[in-house]
Protein chains: 2
Amino acid sequence: MDIEQFRKAGYQAIDRICDYYYSLEQKPVNSQVPPGYLRELIPPTAPEQGEDFQTIADDYQKLIVPGLTHWQHPNFYAYFPTACTFEGILGDLYATSATNPGFNWACSPACTELEAVVMDWSAKLFGLADHFLNSSEVGGGVMQTTASDSALVAIVAARSRYTSQHPEAKLEDLVIYTTTQTHSLGVKAALVLGLECRSLEVKPEDRFALRGETLRRALAEDAAKGKRPFVLVATVGTTSSGAVDRLGEIGEVLQDHSSIWIHVDAAWAGVTLACPEFRETAQLDHINRHADSFCTNFHKWGLVNFDASTLWVRNRKHLTDALDVTPEFLRTKQGDAGTVIDYRNWHLSLGRRFRSLKVWFVLRSYGAKGFRDYIRKSIDLNTHFAALVRAEPSFSLVTEPAFALTVFRLAPALPTGLPAAAQLAQLNALNRSYYAKLNARPDIYLTQTQLNGTFCIRFAIGAARTTRAHVDRAWAILQEEAAGVLAEWTAQAQEA
Amino acid sequence: MDIEQFRKAGYQAIDRICDYYYSLEQKPVNSQVPPGYLRELIPPTAPEQGEDFQTIADDYQKLIVPGLTHWQHPNFYAYFPTACTFEGILGDLYATSATNPGFNWACSPACTELEAVVMDWSAKLFGLADHFLNSSEVGGGVMQTTASDSALVAIVAARSRYTSQHPEAKLEDLVIYTTTQTHSLGVKAALVLGLECRSLEVKPEDRFALRGETLRRALAEDAAKGKRPFVLVATVGTTSSGAVDRLGEIGEVLQDHSSIWIHVDAAWAGVTLACPEFRETAQLDHINRHADSFCTNFHKWGLVNFDASTLWVRNRKHLTDALDVTPEFLRTKQGDAGTVIDYRNWHLSLGRRFRSLKVWFVLRSYGAKGFRDYIRKSIDLNTHFAALVRAEPSFSLVTEPAFALTVFRLAPALPTGLPAAAQLAQLNALNRSYYAKLNARPDIYLTQTQLNGTFCIRFAIGAARTTRAHVDRAWAILQEEAAGVLAEWTAQAQEA
């Protein structure tokens, strides 16, 4: 493809993306294709001769688009939102057009330098303390692919710091602390590193937040067993229910355990820190006081297209001590002089995309005010949704709404005198049927979870095009399906 | 930004990318900015109010482009090439426009399914054996970010397989085998995992390839010490010199050590397997016979924009045994039924980009023939370059040219009777000065390396726009700078 052919195909791509967004609301939210649909539609080998690009571009529309689930659809309430903004698309397009592997400053100075600046912009937007800024030259920020990656990097740095302070420690004795509500990134890191992971208990009455007392007991038990916890992954906004671990209590307990690293995973809810009114709930002061590392993802609720996970550390030396490898073929005069950041030593991979460009585009185009307005809008919509749920007797909130997430279930009145376990089993069965009905619909998408054995349904708001009318329509669908399931359930109960 | 504003900004982006490629050859190859240039040009915080997108797009041209090193420049011979094709840009653009985190099949079935098919296309293009195909339902292929990531995943799977076979093994006794010429990804994986790495010796007379005998000796030594090597990272096309480890000998030695995993890292040279005439050199038969996993990067010399690392495994169960985590909120009915691949269990991160789309676009637009032609063109140019070096008495090849890489140095006649160490020191000093001169030029970009103490210069061909005229011009520059450096050196020698 020559330059003029690219211009033509590029214009067409832009036009088709416009068409995609104009027609988005008319599409089913989640793809309706069956497993294996694509292999039947595509030849088993690459073509020998090159094909005309128009055919290829048309095949994207014909074969691929029907297999997409539309995360930008205004009726998408599943998982967490994954941002896609036009500014982000354009940032990624420019970045891709001058692609480079970015593993050191010299690969393309702009990539490293813009990332260093944009991470400082973001730190300030979120109110992070000065020690997290790149300009501090002590701590600093770096972009990673995902929160799993960010957590793994933090845990590797924590292990490296711990074993350098305790050279006698055996890997077999090291323990990663998470809670039962921590995202699977904790267990995954343990699998990857071959280390033990201990999930600390959290309670419904604490809204599934880790308490200092639980941590203190675990530390004492593990000390007695000769185990060595070296990192705690705390969460601000868990995936299941938006729980916020009590960082103040945690920090206090860990004051006497200075070799235990605190990583705060705020992958989803971290962006709320942009708004002063949510900083107390999201525990900004405690993050600033206690966290050794902090992660949030712009690519969830932060208006920047996947992937754009941001990780800040209190002391960059802990990253580079753990991860710096510089063979001769990667040496540069700027790196040798120590005047530049070589970000490859701040993460796992060598090569890296130029991700900061899209963050820069988004933050400039929205401005801090636009960014905050967007977060506030999602939270307002969720407050509205939660009020609808509360007002309906056959529905119940499983825990308090958190930020822009509501976790609920059907909870009709049960025969009195039924033992608690039987109640739970009945309601779980009811809600599984209910969720199956919802999941079969093309016009709404939600996901399931479990909270201490209670099956529940998550309603996560954040797609940019979701309005109050969409939420009201979603609520109507939820009521309609509930009516059907409850009628069946009541009929069955009467038969039994 | 609304849809029509996006259309306008999108057209402009396409036009500006066209301008970039029209003007590419007139730009300096490597960026001329000093460290810290950007922080002075950008405000210290994000703007409070959103800015007009035209200003932002103009700032990209004004502030960012001068800080880019142009990896697509025809005079770029540094590191290894990083492909950027228009087809790749368009694939990435469509993928970004419908962004989703891709962690399971249900996220967007097309993403998983296209990846499964395209990995099979690629396996067949490279002549990989059937057991590596996704359609085999035993082995399979998955896209990762980088070769470092691919190697880390393979090593984690290897460790998991080893420790399940040898539950008594202590992590402290495990050893990763690499060679002194293996890419830093081996040492990095060891750092990340907290495991020991042993770099086996290779010799200039073997063209820096690992021999079976060296491996056999190391195994005996480590067995005597109670060490447990569990994975060997072998390379087809090392970064420094393009060396190819002797996979046949390695496979034979490891026949009696079935719990040692062989990972073949062919990040750069693997794409040559598309051409039947290079399959013997790149050891295809031995890869198919012995490798537990194989990696090559489309994003180096394979015409697909960064990132696009491809990893195949002989047995996918070894990946999922090591990496599968499925909490309730990630369960889906298709995943539960086992009818689909959930690629998140084949790598480290949870989320993943839709990378296969750009590979699909490139393979279809070039066709297998176009892909092979491109690889052959680079190798022909390198053969031409190596012949020029060979014909010039003051230059010397440090090792035989490999694929599209030539490693050379200045090697003028030295006074007779000088001890070998003094010769080496003199020539290293000479070549360091020579490289410094080359590195200061804006019109060519090469990188340095060391081979067993010998400082040398790498000339790596592969940018899509490099022609024979560019190589001849590069050679003229190399001769011109050599003449200057050699004249100074001779004058100094006469003074001394």
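The values are calculated or read from the model by the stated rules, or taken from the named source; none is laboratory data. All figures in this text were calculated on a predicted structure; none of them were measured in a lab. Note: ideal-geometry Cβ built from the backbone for every residue, glycine included; neighbour counts use all protein chains shown. Side chains are part of the model used for accessible areas, which takes the heavy atoms of the whole protein and leaves out ligands, DNA and RNA. Shrake-Rupley method; radii C 1.70, N 1.55, O 1.52, S 1.80 Å.
Keeping all protein chains in place, calculate the accessible area per residue for the protein assembly as shown (probe 1.4 angstrom), answer in Å². Per-residue accessible area for the protein assembly as shown comes out at 33 Å². A point 7 Å from Cα along Cα→Cβ stands in for B:Glu4, and the other copies hold the same point at 3.1 nm, listed in rising order.
Inter-copy label distances for A:Arg376: 6.5 nm (label point placed 7 Å from Cα along Cα→Cβ; shortest first). All other residues whose Cβ lies under 12 angstrom from that of B:Gly237 are scored, Lys and Arg at +1 and Asp and Glu at -1, for a net of 0. Stretched out straight at 0.36 nm per residue, the stretch from A:Asn452 to A:Ala464 would grow longer than its current Cα-Cα span by 1.1 nm. Once the C-beta distance of B:His257 and B:Ser199 is scaled by a Förster radius of 25 Å, the resulting FRET efficiency is 0.85 to the nearest 0.05.
Summing -39500 (n - 2.57) over the DSSP H runs of n ≥ 4 in chain B and dividing by its residue number, what mean residue ellipticity at 222 nm do you reach, to the nearest 500 deg cm²/dmol? Estimated from H runs of four or more residues: -14000 deg cm²/dmol.
For B:Lys203, the solvent-accessible surface computed with a 1.4 Å probe is close to 100 Å², ligands and nucleic acids excluded.
Among bridges DSSP assigns within chain B, what percent are antiparallel (round to 5)? Around 55 percent of the beta bridges assigned by DSSP in chain B are antiparallel ones.
Plainly put, the tip 7 Å out from Cα toward Cβ on B:Gly417 is 11.5 nm from that tip on each other copy, the closest given first.
Placing dummy labels 7 Å off each Cα toward the beta-carbon, the span from B:Gln26 to A:Thr281 is 5.5 nm.
Using θ = phi - 60° in the Karplus curve 6.51 cos²θ - 1.76 cosθ + 1.60, the 3J(HN,Hα) couplings for the stretch B:395-408 round to 9, 8, 6, 7, 8, 4, x, 10, 6, 10, 10, 10, 10, 9 Hz; x is entered for Gly and Pro. From the Cα gyration tensor of the protein assembly as shown, with a ≥ b ≥ c the square roots of its eigenvalues, which class applies: rounded if a/c is under 1.5, or else prolate if a/b is larger than b/c, or else oblate? Taking the square roots of the gyration eigenvalues as a ≥ b ≥ c, the protein assembly as shown is prolate. Ordering B:Arg465, B:Arg390, A:Arg355 by accessible surface, largest first, gives B:Arg390, B:Arg465, A:Arg355; the 1.4 Å probe counts only protein heavy atoms, with every chain in place.
Here B:Asp380 sits with roughly 100 square angstrom of accessible surface, probe radius 1.4 Å.
Here r is the Cβ-Cβ distance between A:Ser164 and A:Gln479 and R0 is 56 Å; the resulting FRET efficiency, rounded to 0.05, is 0.45. Whole-Hz Karplus values for the stretch A:297-305 come out as 10, 5, 7, 8, 10, x, 6, 10, 4 Hz, taken residue by residue from phi with 6.51 cos²θ - 1.76 cosθ + 1.60 and θ = phi - 60°; glycine and proline positions read x. A Förster radius of 56 Å combined with the Cβ-Cβ distance from A:Val187 to B:Lys437 puts the calculated FRET efficiency at roughly 0.55. If the segment from A:Leu414 to A:Asp324 were pulled out straight at 0.36 nm per residue, it would be longer than the present Cα-Cα gap by 26.4 nm.
Taking 7 Å steps out from each Cα toward its Cβ at A:Asp2 and A:His384 produces label points 5.4 nm apart.
Listed by chain and number, the aspartates and glutamates placed with their C-alpha closer than 19 angstrom to that of B:Lys8 are A:Glu4, A:Asp15, A:Asp19, A:Glu87, A:Asp92, B:Asp19, B:Glu51, B:Asp52, B:Asp58, B:Asp59; residues fewer than eight positions away on the same chain are left out.
A:Leu128 contributes about 10 Å² of solvent-accessible surface, heavy atoms of the protein only, 1.4 Å probe. Relative to the Cα centre, the charge distribution of chain A, modelled as +1 at Lys and Arg Cβ and -1 at Asp and Glu Cβ, gives a dipole magnitude of about 500 debye. Residue of chain B with the Cβ closest to the rotation axis carrying B onto A, and that distance rounded to whole Å: B:Leu171, 2. Interface residues of the stretch A:356-389, defined as those with an accessible-area decrease of at least 50 Å² between the chain by itself and the complete set of protein chains (probe 1.4 Å), are A:Trp360, A:Phe361, A:Arg364. Helices that extend 15 Å or more along their long axis by alpha-carbon positions and average at least -1.0 on the Kyte-Doolittle scale are, among the DSSP H runs of chain A, A:3-23, A:86-97, A:109-125, A:147-165, A:212-225, A:356-390, A:420-439, A:468-495. For the stretch A:341-346, putting each phi into the Karplus relation 6.51 cos²θ - 1.76 cosθ + 1.60 with θ = phi - 60° gives couplings of 7, 10, 5, 4, 8, 10 Hz, in residue order, rounded to whole numbers and with x for Gly and Pro. Going from the isolated chain to the complete set of protein chains, the stretch B:169-199 loses at least 20 Å² of heavy-atom accessible area (1.4 Å probe) at B:Lys170, B:Leu171, B:Glu172, B:His183, B:Ser184, B:Lys188, B:Leu191, B:Val192, B:Leu193, B:Gly194. If the segment from A:Ser394 to A:Ser135 were pulled out straight at 0.36 nm per residue, it would be longer than the present Cα-Cα gap by 87.8 nm. Shape class for chain B: oblate, because the ratio a/c of the largest to smallest gyration tensor axis (alpha-carbon atoms, square roots of eigenvalues) is 1.5 or more and b/c is at least a/b. Ranking B:Arg39, B:Arg353 from most to least accessible surface, computed with a 1.4 Å probe over the protein chains only, gives B:Arg39, B:Arg353. Excluding residues fewer than 8 places away in the same chain, name every one of the lysines whose C-alpha is closer than 22 Å to that of B:Lys437. Counting by Cα, and skipping residues close in sequence, B:Lys437 has these lysines nearby: A:Lys333, B:Lys27. With a 1.4 Å probe rolled over the protein heavy atoms of all chains, the accessible area of A:Ser394, B:Ser97 falls in the order A:Ser394, B:Ser97, largest first. Among the listed pairs B:Lys188/B:Lys358; A:Lys317/B:Lys62; A:Lys124/A:Lys358; A:Lys188/A:Lys227; A:Lys188/B:Lys170; A:Lys170/A:Lys225, those whose Cα-Cα separation exceeds 22 Å are B:Lys188/B:Lys358; A:Lys317/B:Lys62. Computed from the alpha carbon atoms alone, the convex hull of the stretch A:3-67 holds 87 Å³ per residue.
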